[in-house]
1. List the number of the failed condition for Glu107; all other conditions in (1) assigned by TED's automatic domain parsing to the domain that holds Ile144; (2) touching a residue at least 12 places away in the same chain (Cβ under 8 Å) hold.
2. Quick one: count up the residues across the stretch 160-178 that are surrounded by 19 or more Cβ atoms within 10 Å (Cβ to Cβ) and either among the aliphatic types (A, V, I, L, M) or part of a helix (DSSP H, G or I) (or both).
3. Would you confirm whether or not the stretch 130-138 contains a residue that is out of contact with any strand residue (DSSP E or B) (no Cβ under 7 Å at 6 or more places or on another chain), of a type in the set (A, V, I, L, M) and modelled with pLDDT of 95 or more?
4. Whether any residue in the stretch 56-66 is in contact (Cβ under 8 Å) with a residue 60 or more places away in the chain and either surrounded by fewer than 14 Cβ atoms within 10 Å (Cβ to Cβ) or not in a helix (DSSP H, G or I) (or both) is what I want to check.
5. Just checking, how many residues over the stretch 104-151 are assigned to a strand (DSSP E or B) and surrounded by fewer than 16 Cβ atoms within 10 Å (Cβ to Cβ)?
6. Does Thr54 satisfy the criteria of being among the β-branched types (Val, Ile, Thr) and closer than 21 Å to Lys188 by Cβ?
7. On the given criteria, is Ile173 under 19 Å from Glu87 (Cα atoms) and among the aliphatic types (A, V, I, L, M)?
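The values are calculated or read from the model by the stated rules, or taken from the named source; none is laboratory data. All values derive from a computational prediction rather than experimental measurement. Positions of Cβ are generated from backbone atoms using ideal geometry, with glycine treated the same way; all protein chains shown enter the neighbour counts.
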Amino acid sequence: MTMTTLATSLLTLVELPYAYDALEPYVSAETMHFHHDKHYATYVAKLGELIADTRYQQMPLEDIIRSSDGAIFNNAAQVWNHVFLFESLSPRAKHHPTGELRRSIDEEFGSFDELKQRMTTMALSLFGSGWVWLASDHDGRLYIVSKSNAGTPLTDSLIPLLCIDVWEHAYYIDYRNMRKDAIDNLWKVIDWSKVEERYDAIW
């Protein structure tokens with residue numbers, strides 16, 4: 001099943017767009033089972049409980065994230081973040097950006113390799129759990145944003161393009177405490193065609 005929307009089907013688990021073992025050897029089937037079927041699924045279930053019979057129940061997911069706090073925000077953002085992450089990965093990933101996105105990356109960061117290095121460094125230096133994002137403003141300017149816990153650039157009026165999940169459940173089965181190895185290998189399954197699609201949709 002292909003993920004087509006992040007703002008609907010809040011209470012329905014969105015299936016992976018590829019097999020659990022499709023990202024091996026970089027991300028194992030066991031990790032994908034736990035990441036999707038346990039962690040992400042728990043956020044979906046908990047969010048459903050929290051918003052039942054509240055004003056949030058009929059809201060799009062992104063509106064919930066922008067207007068809530070506490071447990072509702074945490075679970076809503078984690079639902080959104082995980083679907084966004086799973087969409088960003090592919091066993092047939094395009095490994096380099098092209099077109100307008102590549103031009104913007106070169107202009108803002110100097111090179112694609114520099115972008116990867118900066119995001120990796122930020123992910124390694126993030127204390128505890130969280131996310132590192134490549135995001136854009138509505139004029140197409142790019143930013144690297146570090147967020148703790150469930151944080152997302154949606155709350156900064158930015159448009160998320162790509163994320164690195166640095167919660168331990170995203171990599172600990174495969175890499176234990178070797179976060180750098182996990183991040184280095186994640187780059188091998190990030191699909192830049194998806195990132196380009198998100199960036200091109202801004203215009």
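1. Going through the list (1) assigned by TED's automatic domain parsing to the domain that holds Ile144; (2) touching a residue at least 12 places away in the same chain (Cβ under 8 Å), Glu107 breaks only (2).
2. Counting residues in the stretch 160-178 that are surrounded by 19 or more Cβ atoms within 10 Å (Cβ to Cβ) and either among the aliphatic types (A, V, I, L, M) or part of a helix (DSSP H, G or I) (or both) gives 6.
3. No, because not a single residue in the stretch 130-138 is out of contact with any strand residue (DSSP E or B) (no Cβ under 7 Å at 6 or more places or on another chain), of a type in the set (A, V, I, L, M) and modelled with pLDDT of 95 or more.
4. For the stretch 56-66, residues in contact (Cβ under 8 Å) with a residue 60 or more places away in the chain and either surrounded by fewer than 14 Cβ atoms within 10 Å (Cβ to Cβ) or not in a helix (DSSP H, G or I) (or both): absent.
5. Residues flagged as assigned to a strand (DSSP E or B) and surrounded by fewer than 16 Cβ atoms within 10 Å (Cβ to Cβ) within the stretch 104-151 amount to 2.
6. no
7. Judged against the criteria, Ile173 is not a match.
Table: residues versus (1) of a type outside the set (Val, Ile, Thr); (2) modelled with pLDDT under 95.
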{"position": "Met1", "(1), (2)": "yes, yes"}
{"position": "Leu11", "(1), (2)": "yes, yes"}
{"position": "Lys38", "(1), (2)": "yes, no"}
{"position": "Val44", "(1), (2)": "no, no"}
{"position": "Gly48", "(1), (2)": "yes, yes"}
{"position": "Ala76", "(1), (2)": "yes, no"}
{"position": "Ser88", "(1), (2)": "yes, no"}
{"position": "Lys94", "(1), (2)": "yes, no"}
